[in-house]
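One structure is given below, encoded as structure tokens.
Taken together, the values in this text are just the output of simple stated rules run on the coordinates, not laboratory data. Just so you know, these numbers come straight off a predicted model, no measurement behind them. Here the Cβ positions follow ideal geometry from the backbone for every residue, glycine too, while neighbour counts run over all protein chains shown.
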Amino acid sequence: MSKKKMPADSHSGTEELAAEAPVEETGAKVEVGTEDPALLLEDARAKADEHWNQVLRIQAELENTRRRAQADVEKAHKYGLEKFAQELLPVKDSLEMGLAAAEGSDHEIAAKLREGTELTLKMLIGVLEKFGVKEVNPLGQSFNPELHQAMSMQPSEEHAPNTVTLVMQKGYTLNDRLIRPAMVMVSK
């Protein structure tokens, strides 16, 4: 293998640089081009900068994906019980209606039934609250279309306009997210 040495004063860009570089052990030699080393260095720096920018973009994209995945997992944990809670709400409504129906009775059996239903309802309310389900009972409050569904409007001398006068069905939130709006009657 032989390399041609360049004279010390041949660093000007006008002279052709001819060198032979070995490629493999087979002895084949490739000629290096006649480009200016400053241009080669500038080109290499530009490519390095481009690759560095790509690395930074990929890292940022990876971090954003990680954050989105973490937020999705948090939402899944927080709102995973939404469908289950929606299915339990009619059970709670039925227990409350049964209690309301048994209120006026003085019969001993009805009193025992009412007591058992009250305890069952109390346990159900405790479980719902434990998992972040809260009741929306807006009686006497101002109508809020984000939490309430107006079923009808009725003139009222006792209430200010746009006030909930009757709650037909209570609403519920799960961790402050509405899962069922309260069905209400609103004053005109």
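This table checks each residue for (1) loosely packed, with under 10 Cβ neighbours inside 10 Å; (2) in contact (Cβ under 8 Å) with a residue 12 or more places away in the chain; (3) under 25 Å from D176 (Cα atoms).
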residue	(1), (2), (3)
R68	no, no, yes
L89	no, yes, yes
D93	no, yes, yes
E103	yes, no, no
D106	yes, no, no
K112	no, no, no
I125	no, yes, yes
V136	no, yes, yes
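Just so you know, in the stretch 157-188 the residues that are in a loop (DSSP other than H, G, I, E, B) and over 35 Å from the mean Cα position of the chain (by Cα) include one that is surrounded by the most Cβ atoms within 10 Å (Cβ to Cβ), and it is H159. Note on the stretch 101-137: residues that are of a type outside the set (A, V, I, L, M) and part of a helix (DSSP H, G or I) amount to 12. Restricting the stretch 33-79 to residues that are in a helix (DSSP H, G or I) and small (G, A, S) leaves a set whose member that is nearest to F131 (Cα to Cα) is A76.
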